[in-house]
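The values are calculated or read from the model by the stated rules, or taken from the named source; none is laboratory data. Keep in mind that what you see is a predicted model, and the values were worked out from it rather than measured. Cβ sites come from the backbone with ideal geometry, for glycine too, and all protein chains shown count toward neighbours. Protein only, heavy atoms only, side chains kept; ligands, DNA and RNA dropped before computing areas. Shrake-Rupley method; radii C 1.70, N 1.55, O 1.52, S 1.80 Å.
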Amino acid sequence: VSVLDELALAFHLPAIPYRMECYDISTLQGAHPVASRAVFIDASPEKSLYRHYRIRDVEGQDDFAMMEEVLRRRLQKDESRPDLIVLDGGKGQLNVCLKVLAALNMDKLPVIAMAKRRGQRQDRFFLPGRKDSILLPPRSLALKTLQSLRDEAHRFAVSYHRALRSHQIATSPLEA
């Protein structure tokens, strides 16, 4: 069984998730909020499809509103649709995504959210319409693939956030 088959079975997906997109928000106390998209094709990174997003419409520290803005901007574009959307976060991020998908008449698009329980190291997965989270076997390829996808989205968001902060520092009034 391939890792994509394992993912489809574990999450009861309607099709094999060849194109998976993961979204992450990065901000430091509300300053320079950004988001990222990492894309895996056939369970491998496709870096040419990674994207950065500057948060434009949200003031302050509201991760849910930031996620909503990014997903709306991404899904309104005429671009290949993912077979699975993965969100770095829990039920709140999942509900925001479901709201965006419904508003865009894309509610058939599969989505999951992944998060660690406070104080624990194991990732758990939230699915639409399911109260309890799902745990994948700790050594499963499906889990390792999703962790790798999430880690790529996180790394990409944080590196962009750092670049924006360092640019602001380099152009401070003291420097001028």
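Points to keep in mind about this one:
- Any hit, segment 56-67, residues being β-branched (Val, Ile, Thr) and buried (at least 20 other Cβ atoms within 10 Å of the Cβ): no
- So Ile16, is it more than 22 Å from Val96 (Cβ to Cβ), among the hydrophobic types (A, V, I, L, M, F, W, C), surrounded by fewer than 20 Cβ atoms within 10 Å (Cβ to Cβ) and under 17 Å from the mean Cα position of the chain (by Cα): no
- If you go through segment 84-99 and pick out every residue that is in contact with a helix residue (DSSP H, G or I) (Cβ under 8 Å, 6 or more places away or on another chain), buried (at least 23 other Cβ atoms within 10 Å of the Cβ) and not acidic (Asp, Glu), you end up with 7.
- Residue within segment 44-51 that is surrounded by 16 or more Cβ atoms within 10 Å (Cβ to Cβ) and in contact with a Gly (Cβ under 7 Å, 6 or more places away or on another chain) present: no
- Unique residue being outside any loop (DSSP other than H, G, I, E, B), at pLDDT below 95 and either open to solvent by 10 Å² or more (accessible area, probe 1.4 Å) or over 19 Å from Phe40 (Cβ atoms) (or both) when the list is Ala153, Ala102, Ala115: Ala115
- Search result, residues across segment 11-25 that are touching a helix residue (DSSP H, G or I) at 6+ places or on another chain (Cβ under 8 Å) and more than 18 Å from Arg72 (Cβ to Cβ): Leu13, Ala15, Ile16, Pro17, Tyr18, Met20
- Condition met for Leu13 (of a type in the set (A, V, I, L, M) and under 14 Å from Gln93 (Cα atoms)): no
- Test result for Val34, at pLDDT below 95, open to solvent by less than 10 Å² (accessible area, probe 1.4 Å) and touching a Leu at 6+ places or on another chain (Cβ under 9 Å): yes
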